[in-house]
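Reading through the structure tokens given below for one structure.
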Amino acid sequence: MSRSQEQETKTRPVLHGDRPVAGVAAIVMAAGLGKRMQSKQAKVLHPVAGRSMVLYAVELAQRVAGHQVAVVVGHQADQVSQVIKESTAGKNGQVPLSIVEQRELLGTGHAVLQAKPVFLESGRPMPAQFIILNGDTPLLRESTLRELLEVHRRQEAAVTILTALLSDASGYGRVVRSSDECVSRIVEDRDANAAVKAIHEINVGTYVVEGDFLFSALDQLQPTNAQGEFYLTDIVQMAVEQDRRVAAVTLEDPNEGLGVNTRLQLAEAEQVVRRQIRHRWLAAGVRMIDPASTWIDAGVTIGRDTVLYPNVMLEGATMIGEDVVVRSGSRITDCTIGNRVEILDHCVFRDSQIEDDATLGPFTHLRPHVLVRKGAKVGNFVEAKKTEIGEGSKANHLSYLGDAKIGKGVNIGAGTITCNYDGVRKAETIIEDGVFIGSDTQLVAPVTVGAGSVIAAGTTVTQDVPLDSLVISRVVQVTRPGWAAKRRALLAEGSVPTSRVSLPKSKAKKVKPSARKAKASKRRT
Ligand code: UD1
Ligand code: CA
């Protein structure tokens, strides 16, 4: 996949299989602000396919380095540390990870130097090699890093750098080689003269450095450059001056070395990562009708024979089972979905769980903490929050179900609303097994409807209902045969004001003639 300086064969086995390599430590630089992003947020926190950019480097480091991983944080240190801790929490058997703070952002060389105490104070021997990664290079592959390490060891180099050939190299550090093709130094874009700017080989920002060389070299760095910073890249020239070997591996696919400095580069990285994710799930047996419009975050898992229609977004830590169908326009975030679930068009689900064989949508909104049990049906314009919908139960149309526990085999009629909020507190509605709730029912919580009960359409339930009861609360219906025809006839004559005929007889009697006159005159003005 990449070409080393000495034209090593490309088919050599990957170093130490796919396990972390003993004696190798890693340092990830993630302290920078990322000025060119024009953002309030630290650059490394910006997400790529739903996962903070820094985690790509941290997880790569953890997969390859067997000794210790140190991450250097600085700008928004607390948030960056939090994101790293959350992602590594609960993962047993991982190499130790330390987070160190770079209090003043004085450059990449200064950043790496902040990790020195982690390795000096650990009581363990200095690692044989350090892998050093920029926190803004999310497309870098594990196999490339392992190859870099292997070339470094084989060539007994002090420093090995990863390079790429770009038609437009602007912004990157250029790799300057001597007449014998050996790397002699790296020159930053801002320090480069016209001749150096014309070089197309760039420094990717991924390095392997000998344990006995790294910190002694960093201690000697000087900020004598356009930015007044301590450049990590200056250790290349130092190695050459000390007659130590500098090796280089050049990426075959230069995209892999994309460093995200701007929003445009972030969008480019996002596209590449998303394509890789789609290809992985297609290879694993997922059907996508239109892969290009299917958005799958890095943390999502999908079962075989699941079908994703165009414009589906699967976000966060969503897990989807087998034989699920997700129709167009649905966005599913941090949900767990069983097998054979059918999700019709335009649903929004967040932080909820759906068991096997359930059917949802179109236009269903699940807010956090909804549990849809096996075979349940949730239909169009139903919103649910912190609610359990029992096995085989149905809420097919136009409902709000909040803070509710609904048993098995329950029918929730169209327009049913749980009145869970009195303006101050939230209260719970419990609907036991086998209940039938007629359309347009309001359940004023806290309230319990006992098993097997029937609530008549249009009822407002304010008190607990014992099991197997009928509850009905409606105004008595008044029917006047022929009334409508009579009104039409009067209106056709034009002699009777509309208000008079539209009043029911009983009520009309109660209105005093004088009051009615006053009202009518008011209306005329
Ligand atoms: C760096 C390299 C450049 C290379 C490019 C590749 C240096 C001097 N230059 O430039 O040769 O072509 O990456 O993408 O190393 N950081 C800190 N502390 C600091 C400064 C930066 O932790 O004081 C971190 C940043 O968060 C980032 C990484 O180091 O993750 C690289 O910093 P950045 O400012 O993006 O360096 P570039 O100018 O891109
Ligand atoms: Ca960069």
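The values are calculated or read from the model by the stated rules, or taken from the named source; none is laboratory data. Note that this is a predicted model, so its numbers are computed, not measured. FYI the Cβ positions are ideal-geometry reconstructions off the backbone, even for glycines, and counts take in every protein chain you see.
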Given (1) crowded, with 23+ Cβ neighbours inside 10 Å; (2) within 27 Å of residue 333 (Cα to Cα); (3) in contact (Cβ under 8 Å) with a residue 40 or more places away in the chain, residue 69 misses just (2)
Residue 90 vs (1) without any contact (Cβ under 8 Å) to a residue 24 or more places away in the chain; (2) small (Gly, Ala, Ser); (3) within 16 Å of ligand 1 (Cβ to nearest atom): all pass except (3)
Given (1) within 17 Å of residue 29 (Cα to Cα); (2) surrounded by fewer than 24 Cβ atoms within 10 Å (Cβ to Cβ), residue 115 misses just (2)
Screening 169, 164 for residues that are in contact with a helix residue (DSSP H, G or I) (Cβ under 6 Å, 6 or more places away or on another chain), within 10 Å of ligand 1 (Cβ to nearest atom), within 24 Å of residue 267 (Cβ to Cβ) and not in a helix (DSSP H, G or I) leaves only 164
Pairing a residue in the stretch 460-477 that is more than 12 Å from residue 450 (Cα to Cα) with any residue that is in a strand (DSSP E or B) and polar (S, T, N, Q), where Cβ atoms lie under 6 Å and the two sit 6 or more apart in sequence or on different chains, gives 460/442; 473/460
Is one or more of the residues making up the stretch 76-84 within 16 Å of ligand 2 (Cβ to nearest atom) and of a type in the set (Asp, Glu)? no
Listed by range, helices (runs of 4 or more DSSP H) wholly within the stretch 206-309 having at least 3 residues that are without any contact (Cβ under 8 Å) to a residue 12 or more places away in the chain are 263-283
The residue that is farthest from the chain's Cα centre (by Cα), considering only those in the stretch 478-492 that are in a helix (DSSP H, G or I) and in contact (Cβ under 8 Å) with a residue 12 or more places away in the chain, is 486
When the stretch 122-152 is checked residue by residue, the ones that are away from ligand 2 (no atom under 16 Å from the Cβ), touching a strand residue (DSSP E or B) at 6+ places or on another chain (Cβ under 7 Å) and not in a loop (DSSP other than H, G, I, E, B) are 129, 130, 131, 144, 145, 147, 148, 149, 151, 152
Residues of the stretch 310-323 being assigned to a loop (DSSP other than H, G, I, E, B) and more than 15 Å from residue 372 (Cα to Cα), in sequence order, are 310, 311, 312, 316, 317, 318, 322, 323
* Can you find a residue in the stretch 94-110 that is within 15 Å of residue 207 (Cβ to Cβ), away from ligand 2 (no atom under 16 Å from the Cβ) and in contact with a strand residue (DSSP E or B) (Cβ under 6 Å, 6 or more places away or on another chain)? -> no
Flagged in the stretch 159-185 as more than 14 Å from residue 250 (Cβ to Cβ) and surrounded by fewer than 24 Cβ atoms within 10 Å (Cβ to Cβ), in numbering order, are 167, 168, 170, 171, 176, 178, 179, 180, 184, 185
Checked 148, 139 against criteria (at pLDDT 95 or above, within 16 Å of ligand 1 (Cβ to nearest atom), touching a Leu at 6+ places or on another chain (Cβ under 7 Å) and under 14 Å from residue 64 (Cα atoms)); the one match is 148
All conditions in (1) at pLDDT below 55; (2) in contact with a Gly (Cβ under 6 Å, 6 or more places away or on another chain); (3) of a type in the set (Lys, Arg) are true of residue 474 except (1)
*asked:* When you check residue 116 against the structure, is it more than 16 Å from ligand 2 (Cβ to nearest atom) and touching a helix residue (DSSP H, G or I) at 6+ places or on another chain (Cβ under 6 Å), yes or no?
replied: yes
Flagged in the stretch 51-71 as among the small types (Gly, Ala, Ser) and under 11 Å from residue 95 (Cα atoms), in numbering order, are 61, 65, 66, 70
